[in-house]
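Student: Have a look at this one.
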Amino acid sequence: MSKLKISFSYLLFLLVSFITVFVLAHHGTMFIGDDSSFIFSRILEFNADFSQHNNPSNLYSFNTFGNIGSAVQNFYPNKILYIFLFFNFFTHNLITSYYVGIFFILFVGFLIAYHSFLAFNNYKGQAIIFALAFGLSNYQLSNIVTRFDIGEWTAIFLMPLILVGFYKIMKFNSIQGMFMLALGLAGVLAVHVLSVLLITLILALIWIAVICISQQQIVVKTWKIFCAYLIMLILNMPFIINLFKLHQLIHQPTVEKLPFNNVISYAQLITNSLANQIALSLGIFFIFVFIYGILNFNKFAPIYKFIFIITISISMLATNIFPWAIFNNSFIKVIQFPWRFIGLNSIFVALLLAYIYGHLVNLIHKKLKINYFIPLCVAIASILAVQLSTYANIVTIYRSSAVSLVVPTKETVAAMITHHAQRPKGTQIYNYDSLEAMANTVNLTYKTTDYWPQKSVPFMQSILMQQVLSPNNQAHLVGQPKQRNNVVTINVVSQKVHVNLDLPILNYANQYTMFVNGKKTSYTVSKRGTLEFNTPAKQIQIKLLPKLTPLYHNLNLISNILWIAIILGLVINMLFKRFKPQFAFD
């Protein structure tokens with residue numbers, strides 16, 4: 001592969017990534033979607049903990065989520081946050097580091113899609129079309145504009161690696177495919193847990209369909225798939241152990257019954273796609289693929305006939321055609337929204353679009369004898385024109401309807417907590433000064449008790465107001481709890497001596513070692529599910545040290561070594577193979 005050809009693809013992806021982010025970022029403010037306050041609170045917490053030299057693998061939140069030691073960070077993978085943290089070291093501006101991080105993830109997502117396609121089908125022109133159509137798919141654009149689900153957005157970018165690994169196992173019984181599948185699954189689990197369930201459901205359906213066609217070496221192939229999932233668990237073992245350790249103690253997020261009111265009909269999906277809407281739509285290219293596939297199905301190669309059937313089937317899963325209600329008593333209901341399958345289906349739509357592009361280009365070349373580079377440029381320009389114009393239009397609409405919110409005061413926050421206010425409706429715009437305050441405020445007033453200890457939920461108001469409970473309530477915090485060098489410091493003033501103090505710090509099975517005025521002190525779980533202890537002093541300084549076992553440290557080390565080994569192994573394998581992708585306009 002020549003340097004020129006590499007440069008063409010990579011420079012194209014860099015340019016498209018820049019344009020995509022520029023449309024969002026050029027105002028210098030933060031355009032906020034559905035999950036924004038939550039993800040920004042997580043980024044803020046992660047950034048603060050690093051700057052204060054705290055352990056990122058065992059976070060209890062003392063900078064966000066009420067500053068009460070919430071374990072919410074332990075229930076969501078944090079690896080994606082390292083990207084924003086890294087860029088924040090250079091920009092010292094959360095908004096700028098977010099946009100640079102989005103640019104980086106988008107560019108890497110294009111590369112993953114591009115090289116995954118080359119591992120599946122050795123045509124570089126088609127790989128470019130696939131990467132662009134997939135990376136700029138309607139669902140992926142909605143994830144960074146209207147939904148702000150960075151975890152799912154990143155997870156979907158890793159799924160082509162999963163699919164090509166699965167394909168290599170089922171087609172060639174490939175050991176390389178096993179490690180590609182394992183790395184893709186581990187990456188998805190490391191950024192968005194729910195997406196692992198979604199892709200597993202799809203792989204299970206494909207596996208069933210494949211064994212109905214051919215059972216050759218099916219036991220060995222299935223064993224490789226099982227090993228890939230085992231490697232996925234090992235690579236994420238520290239996170240999984242923490243998750244299960246705390247799981248039985250916490251108040252679970254509410255999971256509503258299926259189907260939801262916003263499960264769309266298939267007719268509505270088609271209508272939205274025809275209009276190329278970003279939300280609840282597979283986009284106009286799905287309509288093109290659908291019509292072309294129906295008219296030319298018999299001309300498709302066998303593998304693409306299979307992909308076409310998968311595409312139509314998954315599109316039905318996203319709608320009310322599928323009887324989702326029958327799964328209300330199963331674990332499957334945790335997918336929350338069946339339209340999440342639209343994101344997965346964007347991969348298969350892009351695969352078909354790339355295949356159709358190759359088929360049409362060959363027909364044109366045979367008849368007109370034109371250079372392959374010309375139709376490639378036309379196809380690239382068409383994808384960019386259609387998708388980026390739709391994207392820019394929706395960003396403009398959202399910005400024009402958005403409101404700039406005032407930084408809340410201590411009094412307004414207290415009022416919102418007292419009256420259980422809901423998060424602001426509609427779209428908001430944050431600037432650098434208001435971002436941190438607003439992200440924290442919304443998290444104090446919307447689904448606040450998710451991942452709290454069960455006992456703490458009825459006492460939400462007093463905990464969020466950071467009230468210290470004592471006889472006659474004659475004690476209070478002095479300032480906010482602070483965590484530096486893994487030690488949480490809390491200052492309390494009591495008007496009486498020898499009293500029991502109930503701190504507004506969540507207690508997850510006594511996860512801290514406590515020191516009171518320099519002396520190691522035992523504590524119990526209070527009626528609020530918080531920390532309760534006895535002290536003879538009036539001026540009280542409490543230090544809390546999160547407990548970590550040697551086993552946890554060792555698993556973390558082993559996990560990181562395995563991550564590096566598998567990634568390097570796959571890269572070295574690719575380099576030594578020295579495969580030469582065919583460039584459609586050679």
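Student: In deg cm²/dmol, rounded to 500, what helix-only [θ] at 222 nm does the chain give when every DSSP H run of at least 4 residues adds -39500 (n - 2.57) and the total is split over its residues? Walk me through the intermediate numbers first.
Tutor: Working: 20 runs with 334 residues, N = 586.
Per the formula, -19000 deg cm²/dmol.
Student: Mind putting a number on the dipole of the range 263-405 about its Cα centre? Charges go on the C-beta only, +1 for Lys and Arg and -1 for Asp and Glu, and I need it in Debye to the nearest 20. Before the final figure, lay out each step's value.
Tutor: Working: 8 positive and 0 negative charges, 66 e Å.
For the range 263-405, the charge dipole is close to 320 debye.
Student: Now, a different point. Could you pull out every whole DSSP H run in the chain that spans at least 24 Å of Cα extent along its own axis and averages 0.5 or higher on the Kyte-Doolittle scale?
Tutor: Details: long enough: 3-25 (32 Å, 1.97); 94-120 (38 Å, 1.92); 150-172 (34 Å, 1.35); 193-213 (31 Å, 3.15); 218-235 (26 Å, 2.01); 341-368 (40 Å, 1.31); 373-401 (42 Å, 1.33); 550-577 (40 Å, 1.36).
Helices meeting the criterion: 3-25, 94-120, 150-172, 193-213, 218-235, 341-368, 373-401, 550-577.
Student: When Lys and Arg each count +1 and Asp and Glu each count -1, what net charge do the other residues less than 11 Å away from Ile156, Cβ to Cβ, add up to? Mind showing how you got there, number by number?
Tutor: Numbers: positive: Arg340; negative: Asp149, Glu152.
Charge balance in the 11 Å sphere: -1.
Student: Additional query: What do you reckon, how do Cys377, Cys227 stack up by accessible area (1.4 Å probe), largest on top? Provide the component values of the computation, followed by the final result.
Tutor: Numbers: Cys377 50, Cys227 25 Å².
Greatest to least solvent exposure: Cys377, Cys227.
Student: Could you quote the convex hull projected area for the range 227-380, Cα atoms only and averaged over all directions, in nm²? Display every interim value, and only then the final one.
Tutor: Working: hull surface 54.1 nm².
Its average projected convex-hull area is 13.5 nm².
Student: Could you derive backbone 3J(HN,Hα) for the range 483-500 from the dihedral phi with the Karplus parameters 6.51, -1.76 and 1.60 (θ = phi - 60°), listing whole Hz in sequence and x where the residue is Gly or Pro?
Tutor: 10, 9, 6, 6, 10, 8, 10, 10, 10, 10, 10, 10, 7, 10, 9, 6, 10, 7
Student: Let me ask you something else. Strictly over 28 Å apart at the Cα level, which of Lys79/Lys519; Lys245/Lys455; Lys482/Lys519; Lys79/Lys305 would you flag in this model?
Tutor: Those over the limit are Lys79/Lys519; Lys79/Lys305.
Student: Sticking with this one: With every protein chain in place, what's the accessible area of Lys171 (1.4 Å probe, Å², nearest 10)?
Tutor: Roll a 1.4 Å probe over it and Lys171 shows about 120 Å².
Student: Moving to a separate point now. Set the bar at 23 Å for Cα to Cα. Now go through Lys171/Lys367; Lys168/Lys366; Lys224/Lys333; Lys124/Lys369; Lys333/Lys547; Lys124/Lys221 and name every pair that lies beyond it. Please report the intermediate quantities before stating the final value.
Tutor: Numbers: Lys171/Lys367 34 Å; Lys168/Lys366 32 Å; Lys224/Lys333 28 Å; Lys124/Lys369 20 Å; Lys333/Lys547 34 Å; Lys124/Lys221 28 Å.
Cα-Cα > 23 Å for Lys171/Lys367; Lys168/Lys366; Lys224/Lys333; Lys333/Lys547; Lys124/Lys221; rest within.
Student: If you don't mind, there's one more thing I want to ask. When the solvent-accessible surface of protein heavy atoms is calculated with a 1.4 angstrom probe, in what order do Tyr372, Tyr508 fall, highest first?
Tutor: Numbers: Tyr372 45, Tyr508 5 Å².
Ranking Tyr372, Tyr508 by accessible area, largest first, yields Tyr372, Tyr508.
Student: At 1.4 Å probe size, put Lys367, Lys79 in order of accessible surface, largest to smallest.
Tutor: Working: Lys367 170, Lys79 90 Å².
Reading off the accessible areas and sorting them downward yields Lys367, Lys79.
Student: If you don't mind, another one. Charges on Cβ only, +1 for Lys and Arg, -1 for Asp and Glu, centred on the Cα centroid of the chain; of Ile264, Leu388, Val188, which one is farthest towards the dipole's positive end?
Tutor: Val188
Student: Treating the Cα atoms of the range 81-217 as identical point scatterers in vacuum, please give the log10 of the normalised Debye intensity I(q)/I(0) at q = 0.22 Å⁻¹, two decimals.
Tutor: Here log10 of I(q) over I(0) equals -1.38.
Student: Sticking with this one: Taking the Cα centre of the chain as origin and charging only Cβ (+1 Lys, Arg; -1 Asp, Glu), how large is the dipole, in debye to the nearest 20? Before the final figure, lay out each step's value.
Tutor: Numbers: 38 positive and 14 negative charges, 221 e Å.
It works out to roughly 1060 debye.
Student: Here's another thing I want to ask about it. Could you list the chymotrypsin sites (Phe, Trp or Tyr not before Pro) in the range 161-251 that lie in coil according to DSSP, counting only those with at most 12 other Cβ atoms within 10 Å of their Cβ? Could you put the intermediate results ahead of the total?
Tutor: Details: sites: Phe166, Tyr167, Phe172, Phe179, Trp207, Trp223, Phe226, Tyr229, Phe239, Phe244; in loops: none.
Listed in order of number, the matching sites amount to none.
Student: Report Arg42's accessible area, 1.4 Å probe, all protein chains in place, as a number in Å² to the nearest 10.
Tutor: Accessible area, nearest 10 Å²: 20 Å².
Student: Only one of the values [x] 146, 56, 48; [y] 83, 50, 45; [z] 94, 54, 50 was calculated from this structure for Cα extents along the principal axes in Å; name its label.
Tutor: Identified label for the calculated read-out: [z].
Student: When DSSP beta bridges are limited to those with both residues in the chain, what percentage is antiparallel, rounded to the nearest 5? Mind dumping the intermediate values first?
Tutor: On the way: 33 of 37 bridges.
So the antiparallel bridges amount to about 90 percent of the total.
Student: I would also like to ask the following. Quick one: give the max-minus-min coordinate of the C-alpha atoms of the range 42-88 along each principal axis, largest first, in Å.
Tutor: For the range 42-88, the Cα extents along the three principal axes come out at 28, 20, 16 Å.
Student: Relative contact order of the chain: what whole-number percent is it, with Cα pairs under 8 angstrom and at least 6 residues apart? Kindly include the intermediate steps, with their values, before the conclusion.
Tutor: Working: 857 pairs, mean separation 112.0, N = 586.
Once normalised by length, the contact order is 19 percent.
Student: As an exercise, find the ratio Rg/Rh for the range 3-124 from alpha-carbon atoms, using the Kirkwood inverse-distance average for Rh. Don't skip to the end; give the middle numbers.
Tutor: Working: Rg = 17.4 Å, Rh = 16.3 Å.
My calculation puts Rg/Rh at 1.06.
The values are calculated or read from the model by the stated rules, or taken from the named source; none is laboratory data. This is a predicted model, so every value here is computed, not measured. Backbone-built Cβ (ideal geometry, glycine too); neighbour counts: all protein chains shown. What goes into the accessible areas is simple: the full protein's heavy atoms, side chains included, and nothing from ligands, DNA or RNA. Shrake-Rupley method; radii C 1.70, N 1.55, O 1.52, S 1.80 Å.
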